[in-house]
Amino acid sequence: MSWGTELWDQFDNLEKHTQCGIDVLEKYIKFVKERTEIELSYAKQLRNLSKKYQPKKNSKEEEEYRYTSTRAFLATLNEMNDYAGQHEVISENMTSLITGELTRYVQELKQERKSHFHDGRKAQQHIETCWKQLEASKRRFERDCKEADRAQQYFEKMDADINVTKADVEKARQQAQLRHQMAEDSKAEYSSTLQKFNSEQHDHYYTHIPNIFQKIQEMEERRIVRIGESMKTFAEVDRQVIPIIGKCLDEITKAAESIDHKNDSQLVIEAFKSGFEPPGDIDFEDFTQPMKRTISESSLSNSRADGKSEPKFGGKSKGKLWPFIKKNKLSLKLGAGPEDFSNLPPEQRRKKLQQKVDELNKDIQKEMDQRDALTKMKDVYIKNPQMGDAASVDHRLAELGQNIEKLRLEVQKFEGWLAEVEGRLPTRTEQARRQSGLYEAQNTSAVNSCAQDRESSPDGSYTEEQSQETEMKVPATDFDDEFDDEEPLPTIGTCKALYTFEGQNEGTISVAEGEMLYVIEEDKGDGWTRIRRNEDEEGYVPTSYVEVYLDKNAKDVYKSLQTISE
């Protein structure tokens, strides 16, 4: 089927149809362009989502990513980033292979269509001109024939009239002959024009128009094929990234399958294990026996007997005596602890020291690699002086040597602390536990509450002697006026130091392993217990470094006194 033969008279309809085809192609280009914008937007949102949930550097979140579940989540985030990259690839390929190519093709198609229809209009104008010429020749022939008939009739009339002179008759005859000749000439011209027109019309409808319409048909078919190929490309672009997207999803599945709940549980143990053994059993306390006065009371009595005056602290400004201790507790919690991590439990301290040793060894290796590289460079300079001055690297080599030596000294220092901690890690046996329980019973029975220490007079007031027993010795400072009425806290139990603790920070107190002390403030959830050695020495120690034996009655009285003061 050919448009040239089947649609020879549908020039206008073909013009509209081909314009609609171009409109469809432009509409498809716009559709693909919007699809690429959606892919880019989706990829951007996926990347932002992945970035939003990535762990921040140097934050506590990074510590959580040592567990398999959180590592699997991190792998999922990374795969989602790659997944987003594939959508960017889709957008780029569609832009280059479809949008760009079709845009150029539409411009070429418009030019070609314009050229074909211009040729068609030109052919139509030519056939119309030939038709007009034929019509003009025909009208002229018709006119000349009529003029010849009238001239002939006039001649015959003149010839039949006897009153007309011979000269007039001759003139009429000549005029009739002239008109007949003109009619014959017009007839010949009309015949020639008609033949020419028929030939032009035949060529127009059987040659020119079919050729033009055939080209338009081929152009339209190419457009249809091109849009079909573009649709295949549209699908192929998506299909090409499916294997990579499948790999991303497979990696996410693999990461999920790599989650090991047992391993994560073990990591929690390694992260938070203190190295201490649980305390032993607490023995029964027989309160039917008369309570003995504590050592602290005896020492206070002796001090009164010696006639030493102690600065008194009242209860008006309770809580102002140790503001610097509170601040240092905060600083300890924020990680501003000693260099040897002595503020940590033994197991955690060992891990921190081991981590520090590993970091220093890595730094040493890095410095040694740099030194080796510079040494090779120096050898090259010595063998080939034109490449550089060998003396120029001596200064840097000396610096690296000093750095390595400093780092080695640091390693030795931390390894010494590490060996000390590893030698002290407890391996308590049942016998040690029984001894611990026995020691608990002995010392718990020796603890007196604040209420038992005080004896009230018949009128309900405390005596001077009793109030002096709760006084505390402190060195005179510039803050004596502010803390002039501060009352020391009563003892609420005793404790035994499990390990030696060097209280280097302000507000802490040093204790020796096995030392017995008094508890005046229990751990409030921050990992520190406030203890007292004697009237002059008190401070905070890590709760994990001591075994605490609280006196229940004294603790209740202490809490009630706190409530009243507040």
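The values are calculated or read from the model by the stated rules, or taken from the named source; none is laboratory data. Everything numeric in this text was worked out from a predicted model, so none of it was measured. For neighbour counting, all protein chains shown are included, and Cβ atoms are generated from backbone atoms with ideal geometry for every residue, glycine included. For the accessible areas, the whole protein counts, side chains as well, though only heavy atoms, and no ligand, DNA or RNA atoms are used. Shrake-Rupley method; radii C 1.70, N 1.55, O 1.52, S 1.80 Å.
Annotations for the structure displayed:
- Within region 361-380, restricting attention to residues that are under 25 Å from F341 (Cα atoms) and not charged (D, E, K, R), the residue that is surrounded by the most Cβ atoms within 10 Å (Cβ to Cβ) is I364.
- Looking across region 95-149, the residues that are of a type outside the set (A, V, I, L, M, F, W, C), touching a residue at least 40 places away in the same chain (Cβ under 8 Å) and either open to solvent by 100 Å² or more (accessible area, probe 1.4 Å) or under 30 Å from F31 (Cα atoms) (or both) come down to T95, T99, E101, T103, Y105, K110, E112, R113, H116, R143.
Results for (1) touching a His at 6+ places or on another chain (Cβ under 8 Å); (2) more than 30 Å from Q133 (Cα to Cα), shown as yes or no for each residue.
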{"position": "H202", "(1), (2)": "no, no"}
{"position": "K215", "(1), (2)": "yes, no"}
{"position": "E221", "(1), (2)": "no, yes"}
{"position": "I224", "(1), (2)": "no, yes"}
{"position": "E229", "(1), (2)": "no, yes"}
{"position": "Q240", "(1), (2)": "no, yes"}
{"position": "I244", "(1), (2)": "no, yes"}
{"position": "C248", "(1), (2)": "no, yes"}
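- Selection within region 150-171: residues that are charged (D, E, K, R), free of Cβ contacts under 8 Å to residues at least 24 places away in the same chain and outside any loop (DSSP other than H, G, I, E, B). The member of this set that is most open to solvent (accessible area, probe 1.4 Å) is K166.
- Residue list for region 11-32, filter: under 14 Å from Q214 (Cα atoms) and surrounded by fewer than 17 Cβ atoms within 10 Å (Cβ to Cβ): E15
- Qualifying residue in region 111-132 (condition: over 30 Å from S258 (Cβ atoms), at pLDDT below 95 and not in a helix (DSSP H, G or I)): no
- Only one of the numbered conditions (1) open to solvent by 60 Å² or more (accessible area, probe 1.4 Å); (2) at pLDDT below 85; (3) closer than 30 Å to W417 by Cβ is violated by K383, and that is (3).
- Against the conditions (1) touching an Asp or Glu at 6+ places or on another chain (Cβ under 8 Å); (2) open to solvent by 90 Å² or more (accessible area, probe 1.4 Å), K52 satisfies every one except (1).
- For region 397-427, the set of residues classified as modelled with pLDDT under 85 and open to solvent by 90 Å² or more (accessible area, probe 1.4 Å) consists of E422, R424, T427, listed by residue number.
- Yes/no for A336 being modelled with pLDDT under 75 and either within 24 Å of E270 (Cβ to Cβ) or loosely packed, with under 14 Cβ neighbours inside 10 Å (or both): yes
- S69 vs. criteria small (G, A, S) and under 30 Å from E26 (Cα atoms): no
- Test: W8 is open to solvent by 80 Å² or more (accessible area, probe 1.4 Å), in contact (Cβ under 8 Å) with a residue 60 or more places away in the chain and under 30 Å from D203 (Cβ atoms): yes
- Filter pass, M80 being farther than 30 Å from M219 by Cα and surrounded by 17 or more Cβ atoms within 10 Å (Cβ to Cβ): yes
- Failed criterion for S59 (all others in (1) hydroxyl-bearing (S, T, Y); (2) modelled with pLDDT under 90; (3) open to solvent by 40 Å² or more (accessible area, probe 1.4 Å) hold): (3)
- Taken over region 41-55, the criterion of being under 8 Å from the mean Cα position of the chain (by Cα) and among the hydroxyl-bearing types (S, T, Y) is satisfied by S50, Y53.
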